[in-house]
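The block underneath contains the structure these notes are about, expressed in structure tokens.
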Amino acid sequence: MNRRLFIVTVAAGAAELARAQRRGPEPAAVPDVIKNLKPMLDGVQPITVAERAARIEKARRLMRDNKIGAVLCQAGSSLYYYTGVRGGANTWVLPAKGEPASFEPEEGDAPYQRIAQFLKSAAAAKVGIEERTPFAVIDGLRKEFPAAEFVSADPVTIGCRVIKSPAEIALLQRANDITIAAYKAAFQTLREGMTQGELSANIAAAYRALGVQGNAMAIFGKYTAFPHGSIQPQQLREGDMVLVDDGCSVEGYQSDITRTIVFGKPTRRQTEIWNLERKAQDAALAAARPGAACESVDAAARKVITDAGFGPGYKVPGLPHRTGHGIGLDGHEWTYLVKGNRTQLQPGMCFSDEPTIAIYGEFGVRLEDCMYITESGAHMFTKQSPAIDNPFG
């Protein structure tokens, strides 16, 4: 890694830490159980410059394997993954050989000509484009460098990011620990008549007290059947299902946890569906072993639900979406636990495990914990909910 990139990386890391420690203004009526929370960032170890350099060398190996002469990234999680740089309008280019370069737009000038000249000097006839790069960038480069072949950089960027290092696992672990602490505190604030917005605000306040930025979707009653919630106004009533879902970020690494409970005493029906959901989550966890296809994990969870009379397949009432998604610097990233994905699980991969049972007009149940794959199987970052009336154990 050259000196310039090293300086930018260190500066960006410091800025990221400052953002993580920054507090937003506290609402006027934050409950004491949330006010009394303490930051949980002690001992957090950011990704080192050496690890980022190793990522770049792995990217270059994958570039050679795929005959890609250079990879181009703009602001986003992949750029942060390699350099530690957040935001900005620069275009970063990593050649298969030689030093990477960053191109900043100048007044009245898109940098396509300068980028094209760099690609030509690097003999990069095949250029990998990171998946979130705007079309305008690709179009501008095609005009300046028509002889080049522009392809997806997925074999490189996903090839690097899908396998997490021990340092990444540790950051994901901390984000998950903080999320559980935030949920525990916020659940103690539940009260008759509370709106879903109030519960979400309490969770966000808990995250701030714990030293991070985060948020959560909160939904009540029949609206828990909608996987992505509802904007309809809701007030909590005795006997309602309560579902919260989302997470926080630690050094850019995301958590994603869902807990579903009942406000008051659960009915037999609510308990039966909750227990079925937990059984499906367990089945996915057991199926997630090295060498298994991603779709087999989805199939294992879905079989539990369809055998109970729901579905079939992705139909509702039942499980209407994939069983899990990759997670890391993005809350949803490659690869996915879904039918048709034959990618084999490998140690270091991280996923959500979240089969959902949606019963429109009645309620829904989702239990979501994230897991990481090891040589011996999958391990959860967090303790699964033991029972409908015991969300944290």
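Brief remarks on what is shown
- The range 87-125, subset within 32 Å of the chain's Cα centre (by Cα) and among the polar types (S, T, N, Q), residue least open to solvent (accessible area, probe 1.4 Å): Thr91
- Some residue of the range 184-191 being under 23 Å from Trp274 (Cα atoms), free of Cβ contacts under 8 Å to residues at least 40 places away in the same chain and of a type outside the set (D, E, K, R): no
- Residues of the range 308-322 include at least one that is closer than 18 Å to His228 by Cβ, part of a strand (DSSP E or B) and open to solvent by less than 10 Å² (accessible area, probe 1.4 Å).
- When the residues of the range 209-223 are filtered to those that are assigned to a helix (DSSP H, G or I) and either of a type in the set (A, V, I, L, M) or touching a Leu at 6+ places or on another chain (Cβ under 9 Å) (or both), the one that is nearest to Trp274 (Cα to Cα) is Gly221.
- For Arg259: the one exception among (1) over 25 Å from Thr306 (Cβ atoms); (2) open to solvent by less than 20 Å² (accessible area, probe 1.4 Å); (3) not hydrophobic (A, V, I, L, M, F, W, C): (1)
- Test for Asp245: is it surrounded by 24 or more Cβ atoms within 10 Å (Cβ to Cβ) and under 23 Å from Glu333 (Cβ atoms): no
- Residue match in the range 126-136 (condition: exposed (fewer than 15 other Cβ atoms within 10 Å of the Cβ), out of contact with any helix residue (DSSP H, G or I) (no Cβ under 9 Å at 6 or more places or on another chain) and touching a residue at least 60 places away in the same chain (Cβ under 8 Å)): yes
- For the range 27-86, a residue qualifies if it is within 21 Å of Phe103 (Cβ to Cβ), part of a helix (DSSP H, G or I) and more than 24 Å from the chain's Cα centre (by Cα), and the qualifying residues are Arg60, Met63.
The values are calculated or read from the model by the stated rules, or taken from the named source; none is laboratory data. Small disclaimer: the values here were computed from a predicted structure and weren't measured. Heads up, the Cβs are rebuilt from the backbone with ideal geometry, glycines too, and the neighbour counts pull from every protein chain shown. Each accessible area value is taken on the protein alone, full model and side chains, heavy atoms only, with ligands, DNA and RNA left out. Shrake-Rupley method; radii C 1.70, N 1.55, O 1.52, S 1.80 Å.
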